[in-house]
Structures are given as C-alpha cells and as structure tokens.
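A short reminder: the numbers here are calculations on the coordinates, not readings from a lab. Remember, it's a predicted structure, so these values are computed and weren't measured experimentally. Positions of Cβ are generated from backbone atoms using ideal geometry, with glycine treated the same way; all protein chains shown enter the neighbour counts.
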Amino acid sequence: MPIATDVFRSAARAQASALGRADLDAVYVPHPIQDQLAEEIEERASAVLATVVDRLTGAVSADS
C-alpha cells in the first residue's frame, strides 16, 4: 500500500491507473515532510496509522 504526501495525489492515482490498478489509492499525509521535525513526522504518521492498519488487514475499503 503506497503512502505519499498529498501533493502527489493526482500523480499517484494516474500511475496506479496506468499500471492497471485504478482501485489502488495511497494513504496521504500533509506535504512537505522533508523539513519537519521528528515529532511532527510522528504526528502525521500517527494520524494515518489506523487507516494503514485497516487497509492492510482488509478492515475498510480504499475509499475510507
């Protein structure tokens, strides 16, 4: 399951579609991340953790 920053949403969806996986959608976190402190990155990761776990375990659809 891809994880990307939100500015890459369109590119990620286009790439997935081009590879025959239009149904595959990434989990997105706010951009940018490269200049963030470790604590800020941890907050962003924590915010999407439940979604990542749910998708990996099949608990929810990709639309969640």
Is it true that some residue in segment 54-61 is in a helix (DSSP H, G or I) and surrounded by 11 or more Cβ atoms within 10 Å (Cβ to Cβ)?
yes
Tabulated pairs, segment 23-37, first touching a residue at least 24 places away in the same chain (Cβ under 8 Å) and farther than 12 Å from PRO2 by Cβ, second hydroxyl-bearing (Ser, Thr, Tyr) and outside any loop (DSSP other than H, G, I, E, B), C-beta under 8 angstrom, 6+ apart or interchain:
PRO30/THR5; HIS31/THR5; PRO32/THR5; ILE33/THR5
Do the conditions hold for ALA18, that is, is it out of contact with any Leu (no Cβ under 6 Å at 6 or more places or on another chain), surrounded by 11 or more Cβ atoms within 10 Å (Cβ to Cβ) and of a type outside the set (D, E, K, R)?
no
Number of the exception - GLN15 against (1) part of a loop (DSSP other than H, G, I, E, B); (2) out of contact with any strand residue (DSSP E or B) (no Cβ under 7 Å at 6 or more places or on another chain); (3) of a type outside the set (Asp, Glu):
(1)
Need pairs with beta-carbon distance below 7 Å; first residue at negative phi and within segment 38-58, second among the polar types (S, T, N, Q); sequence gap 6+ or separate chains.
THR51/SER64; ASP54/SER64
